[in-house]
Amino acid sequence: MEPLVVGSIQAGGDRGATMTTNDDWSRWEDDADDRIGRKRDRLARLLSVVSILYSRGSGEQGVAVSDIARLTGMTTRTVYRDINALDDELGVPVFQAGRGRYGIDRKFFLPPLHLTVPEAIVLFLASRLIARWADQYDAAVVSAFTKLSDALPQPIARHVAATMLTVGASDPDEPFSRSFSAVARGWAEGRVVEIDYDAPGAALKHTRVHPYFLEPDAALRSVYLIGLDEGAGAMRTYKVERIRSATLTTDSYEIPEDFDPDAWLANSWAIWSSEGTPTVDIRLRFDASIAHRVREAVWHRSQVITELPAGGLEMAVSVAGIVEIQPWILSWGGGVEVLEPPELRDAIAASVRRAAERYGD
């Protein structure tokens, strides 16, 4: 089987996007009801501009805005606006090579990937998980879907397009996109990131972080930055959604060779590390009515399952603290009982009592 080639950058026009005149764009901008189509067409424009900047403007001379306008059928005013959007909104490293001339640093893009169809579908499934998790519009997600669809056969490519429309229907979260872009580039390029962090119940914190890892939490629909906090001189975990601003500096750092994210998160139920929270041994008993569902998955790497005579089971896990696991336990309703430790049993009982009081009338 010949491998598929997923290009590092592709023009949206190759997927059938139609370039329009400046008057057409004016009518388009006046139609507030066509939000989904507007985002799709804007993405196609941005991909076209990126493709030209990448292919023709990677040298010192860059490429003239007038040439980009001629190649895309847009006005120079629209091209300037899109170049600003690439820089300000998406964090694409556009540089000015001279008056009216721009380019892109090729190092920003990954080289082409040679994928078989099964490999491309694996990436598509991963992207579907991201789309289901994303509750706001993210240009990086939509762009990744667009490029991925070029490598997939029909009818799978149609599902990629449908998924992109679903993501595009959500409102944008530009602060998160900017913060995520800066943090991701800092991690990928080994550059220190300055952040303003808004933790609940605390004053806004300004600090410098060496990104070591990015970890998603599907349950909370969040992304966490794990890294060395220069001010604290210690490892810290930051929720990217709480980063109010992030600036990529020119200062470099190196991730220690002995840093292992899997070891760091070995005892976490979600994101908490045992280096900051003591590990607790937890034992749960599941009724036979739901035991089959518990058996179908590995919920934690430390889990030990013990079968019970009546069809139920007991699960033992060792996790960092008792807070992160509580929502998961409560999600099983009355089919689960906490046996150990006592403080977790008391916490779950208190939650159940509060819920019962709400429905007591």
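No lab work stands behind these numbers, since they all come straight from the coordinates. Keep in mind the model is a prediction, meaning the values are calculated, not measured. Every residue, glycine among them, receives a Cβ derived from its backbone with ideal geometry; neighbour counts consider all protein chains shown.
The figures follow:
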| read-out | value |
| --- | --- |
| Prolate/oblate/rounded label for segment 279-358 (Cα gyration tensor, a/c 1.5) | oblate |
| Stretchable slack from ARG99 to LEU125, in nm (0.36 nm times residue separation minus alpha-carbon distance) | 4.9 nm |
| Using distinct alpha-carbon pairs, which all enter the 1/r mean, Kirkwood radius of segment 174-264 in Å | 13.2 Å |
| Label zone at ASP346, where the point sits 7 Å out along the Cα-to-Cβ direction: segment 264-280 residues whose backbone N lies under 19 Å | 278-280 |
| Efficiency of FRET from Cβ geometry, ARG354 and ALA297, R₀ 22 Å, rounded to 0.05 | 0.20 |
| Where labels lie 7 Å past Cα in the beta-carbon direction, separation of ASP217 and VAL323 in nm | 0.9 nm |
| Segments 249-259, 317-327 sorted - mean Cβ within 10 Å per residue, highest first | 317-327, 249-259 |
| Packing-based ranking, highest mean first, of 296-309, 91-104 given that Cβ atoms within 10 Å are counted | 91-104, 296-309 |
| Virtual spin-label span in nm between THR247 and GLU314, 7 Å along Cα→Cβ | 5.7 nm |
| Label point distance in nm, ASP260-HIS114, each placed 7 Å from Cα along Cα→Cβ | 3.2 nm |
| Which of LEU129, LEU71 has the fewest Cβ neighbours within 10 Å, and the rest in rising order | LEU129, LEU71 |
| Sorted by Cβ neighbour density within 10 Å, fewest at the top, the residues MET74, MET235 | MET235, MET74 |
